[in-house]
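Shown next, in structure tokens, is the structure this report addresses.
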Amino acid sequence: MRMPELPEVENVVRGLAGPLSGRTVASARLSRRDLYRTGSLSLSRLNGSKIAGVERIGKAILFRTSPPSPVLVVHLGMTGNLLLSDGGRPLRRQHRHAVMTMDGGLRLEYVDPRRFGFLWVGVADDLGRSLNIGPDPFQLTAPELGRRLAGRKAPVKSLLLDQRLISGLGNIYVDETLFRASIHPLSPGGVAAASASEMLREARRVLRRAIRHGGTTIRDFRKADGSAGAFGQRLAVYGREGAPCPLCRAVIRRIVIGARSTHFCPNCQRMGR
DNA sequence: AGCTTCGCCTGCTTGC
DNA sequence: TGCAAGCAGGCGAAGC
């Protein structure tokens, strides 16, 4: 299963930027209104706009336009995908909710079985206010992350999932980051703040490695012994409940924090003080 | 304001 | 074998 966290989104952006940049939108249509984020203009407002560039903002995808006209933001949610096809008759495809056809016939399709994703069309000036997405781990500095966690009592696990505080990390990479940084997921944010530089360093490492591996996280169905199957990326703790820690062989535990499944090594990851 | 919980949604896995 | 329940989680809304 693909989990569109930062590495996967980065991969999608890189794949779209080249083919779409400089193209003019001939027609754009969204067939399910409930996929619009609140406050969005109609997707058809992009008709006639030229795509000036495709960028990633946290886990969201931004399509810049020129001359200044409404921009498009696509968030893939959990199961969303953006697919390019080169003209021809559109194949019947299940769960395809939006189609953008470019001059010349190139087509961009939004497919999302679970519909946790969304689209937003609006003027660039409203972007920040509407999306409210904070800096990602490559933009943040350690002192700034420390300031953002300072005084917070919520578990660091929950705070790292807050896209306003730090963007791009999802459930998988937060668990991996905290493991590599030896921080217990239940540590209060204010306590974990002292380890901001370790967390930032490990977040960047795990994300870079995932991007390098094509950004595809294949989550193999866990075998009984927790052994890894064909992972696109080696996961140390996520999805490995009951399996041995790769560092100390202690048994990986799974708990629920903020309604999110959380995996950690009770021996390697401590609460700090 | 900060923190927590819930609802959204479908596909796959598990259990009876 | 077939069906239903359980689970997965990003995000926004709601409640405290």
GNM on chain A, C-alpha springs below 10 Å: top fluctuator among A:Asp162, A:Asp86, A:Asp112?
-> A:Asp86
Using modelled amide H (1.01 Å from N, peptide plane; none on Pro or chain starts), what sits under 5 Å from the amide H of A:Arg56, excluding residues fewer than 5 places away?
-> A:Leu62
Take A:Arg45, A:Arg29 and order them by how many other Cβ atoms sit within 10 Å, fewest up front.
-> A:Arg29, A:Arg45
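With a cut-off of 8 Å between alpha carbons and a minimum separation of six or more residues, what is the relative contact order of chain A in percent?
Computed over chain A, the figure is 17 percent.
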Could you give me the percent of Cα pairs per 5 Å distance bin for chain A, shortest bin first, beginning at zero and ending with the bin that holds the maximum distance?
-> 1, 6, 12, 16, 17, 14, 12, 9, 7, 4, 2, 0, 0
Would you compute, from DSSP H runs of 4+ residues alone, the mean residue ellipticity of chain A at 222 nm, taking -39500 (n - 2.57) per run and dividing by the full residue count, rounded to the nearest 500?
-> -6500 deg cm²/dmol
Return the percentage of antiparallel bridges among DSSP beta bridges fully within segment A:1-147, rounded to the nearest 5 %.
-> 95
How many lysine pairs in chain A, separated by 8 or more positions in sequence or lying on different chains, have Cα atoms less than 30 Å apart?
-> 5
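A short reminder: the numbers here are calculations on the coordinates, not readings from a lab. It should be emphasised that the depicted structure is a prediction, and the values quoted were computed from it without experimental measurement. Counting neighbours? That spans all protein chains shown, and the Cβs are built from the backbone with ideal geometry, glycine included.
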